[in-house]
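Novice: Following this message is one structure expressed as structure tokens.
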Amino acid sequence: MLRDPLLPLPARISERIDETADTVTFHFELLDEAERKAFRYLPGQFAEISNFGEGESTFVIAGDPAKPERLTVTTKRVGAHTEALHHLYAGAIIGFRGPYGKAFPVADWKGKDIVIAGGGIGLAPLKPIICHVLNHRADYGKLTIVYGARSPGDLMYAADREIWAKAPNTELVVTVDKGDANWKGREGFVPAVLRATAPSAANAVAITCGPPIMIKLTLPVFKDLGFPAERIFTTLEMKMKCGLGQCGRCNIGPFYVCKDGPVFSVAQLQQLPQEF
């Protein structure tokens, strides 16, 4: 008997990490052993997470795809359901549906340099790409990561960033819009810092995710650096609800973001209806 795709699987939170004042990362495991052992996902795919009795929300799976038994989501407190999730700790039971959506075409990027520009919680969809590249380091060229947040207190994944900074053939550039008295690092908006970093577009792909205004200002920088539209990727994660293309909430012209995305190249975005 096929499992109902709208029925959440129970999962237990194994670890909670408070990334910032309003952002939490949860690590969790599916309770069913067979489901846990069979589960796989690719960078860019997402899931529906439910706090039973409170609701359900869409989150990218933000862990290491090589460790699918240890599932990860990072959630920012922006509404009633995420507020409820932020009251959960290790041992709590949540619901999980997924994986859904089209992944980043990481297999097609073998042999290429990878350039990533992320802002705030937008680093979550990008983290699995970074993990994948570092897990298969010989398959890819230089990895450049430009990551920024509003303030030092808004930067996420501190432990991961320490690992990335020491990884071979990897350049990590961290910036904040405005530092505090203890900040010794770089200041500046991600698009400007990306332009100053000036990664080569030759035999490279570019990926960005972050607040809409950051993405809007970053895409022209990639273009100016010489990246063609078919080698620039981003995600459209807004408005998704069911994950199965049934509710119609994420419909854009002939596309459903949950099924035809959430990963799109800029070349694909240019084909979307003008109202988008």
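No lab work stands behind these numbers, since they all come straight from the coordinates. Worth saying up front: this structure is predicted, and the values here are computed from it rather than measured. Cβ sites come from the backbone with ideal geometry, for glycine too, and all protein chains shown count toward neighbours.
Novice: How many angstrom separate the Cα center of the range 184-199 from the Cα center of the range 59-115?
Specialist: The range 184-199 and the range 59-115 have Cα centres separated by 27 Å.
Novice: Sticking with this one: State, as an integer percentage, the relative contact order of the chain based on alpha-carbon contacts under 8 Å between residues 6 or more apart. Please report the intermediate quantities before stating the final value.
Specialist: Details: 568 pairs, mean separation 48.3, N = 276.
Here the relative contact order equals 17 percent.
Novice: Turning to a different aspect of this structure: Remind me, relative contact order of the range 230-276 in percent, using alpha carbon pairs under 8 angstrom and six or more residues apart?
Specialist: Values: 56 pairs, mean separation 21.7, N = 47.
Once normalised by length, the contact order is 46 percent.
Novice: Order these by the 10 Å Cβ neighbour count, fewest first: THR144, THR197. Please report the intermediate quantities before stating the final value.
Specialist: On the way: THR144 22, THR197 18.
By the 10 Å Cβ count, ascending, the order reads THR197, THR144.
Novice: In nm, give the distance between the simple-model label positions of ARG36 and SER200, each being 7 Å from the Cα along the Cα-to-Cβ direction.
Specialist: Those two pseudo-labels are separated by 4.6 nm.
Novice: Next question. Dipole size in debye (nearest 20) for the range 9-100 around its Cα centre, Lys and Arg Cβ +1, Asp and Glu Cβ -1?
Specialist: Numbers: 10 positive and 14 negative charges, 40 e Å.
The dipole magnitude comes to about 200 debye.
Novice: May I ask for the net charge around PRO168, where only other residues with Cβ less than 12 Å from the Cβ of PRO168 are counted and Lys, Arg are +1 while Asp, Glu are -1? Intermediate results must be reported in sequence, preceding the final value.
Specialist: Values: positive: ARG137, LYS142, LYS166; negative: GLU171.
With Lys, Arg at +1 and Asp, Glu at -1, the net is +2.
Novice: Could you please rank ARG16, ARG97, placing first whichever residue has the fewest other Cβ atoms within 10 Å of its Cβ? Walk me through the intermediate numbers first.
Specialist: On the way: ARG16 16, ARG97 21.
Fewest-to-most ranking of ARG16, ARG97: ARG16, ARG97.
Novice: So, in the range 1-128, how many Lys pairs have Cα atoms under 25 Å apart, if the pair is 8 or more places apart or on different chains?
Specialist: Counting lysine pairs in the range 1-128 gives 15.
Novice: Chymotrypsin sites (Phe, Trp or Tyr not before Pro) within the range 12-120: which are DSSP loop residues with at most 14 other Cβ atoms inside 10 Å?
Specialist: Numbers: sites: PHE26, PHE28, PHE39, TYR41, PHE46, PHE52, PHE59, TYR89, PHE96, TYR100, TRP109; in loops: PHE39, TYR41, PHE52, TYR89.
Sites meeting the loop and neighbour criteria: PHE52, TYR89.
Novice: Arranged by the count of other C-beta atoms within 10 angstrom, fewest first, what order do GLU69, GLU35 take? Don't skip to the answer; put the middle values down first.
Specialist: Values: GLU69 12, GLU35 15.
Lowest count first: GLU69, GLU35.
Novice: Select from the range 185-276 those GluC sites (Glu not before Pro) which occupy a DSSP coil region and have at most 15 other Cβ atoms within 10 Å, ordered by residue number. Mind showing how you got there, number by number?
Specialist: Values: sites: GLU187, GLU230, GLU237, GLU275; in loops: GLU237, GLU275.
Answer in residue order: GLU275.
Novice: Compute the separation of the alpha-carbon centres of the range 3-48 and the range 137-159 and state it in Å as a whole number.
Specialist: Taking the Cα centre of the range 137-159 as reference, the centre of the range 3-48 is 23 Å away.
Novice: Okay, moving on. State to the nearest 20 debye the size of the charge dipole of the range 106-235 about its Cα centre, where the only charges are +1 on K and R beta carbons and -1 on D and E beta carbons.
Specialist: Numbers: 15 positive and 12 negative charges, 18 e Å.
Approximately 80 debye in magnitude.
Novice: As a test of the formula, what do you get for the chain when each DSSP H run with n ≥ 4 contributes -39,500 (n - 2.57) and the sum is divided by the residue count, at 222 nm and rounded to the nearest 500 deg cm²/dmol?
Specialist: Details: 8 runs with 64 residues, N = 276.
After summing the helix terms and dividing by the residues of the chain, the value is -6000 deg cm²/dmol.
Novice: Around GLY153, what is the net charge, scoring Lys/Arg as +1 and Asp/Glu as -1 over all other residues with Cβ under 12 Å from its Cβ? Intermediate values should be presented prior to the final figure.
Specialist: Values: positive: ARG150, LYS178; negative: ASP18, GLU19, ASP22, ASP154, ASP177, ASP180.
Once all neighbours under 12 Å are counted, the net charge is -4.
Novice: On to the next question. Treating only the Cβ atoms of Lys and Arg (+1) and Asp and Glu (-1) as charged, compute the dipole magnitude of the chain about its Cα centre; round to the nearest 20 debye. Mind dumping the intermediate values first?
Specialist: On the way: 31 positive and 30 negative charges, 101 e Å.
The dipole of the chain has a size of about 480 debye.
Novice: Below 8 Å, C-alpha to C-alpha, sequence gap of six or more: please give me the relative contact order for the range 9-100 in percent. Please report the intermediate quantities before stating the final value.
Specialist: Numbers: 185 pairs, mean separation 35.6, N = 92.
Relative contact order here is 39 percent.
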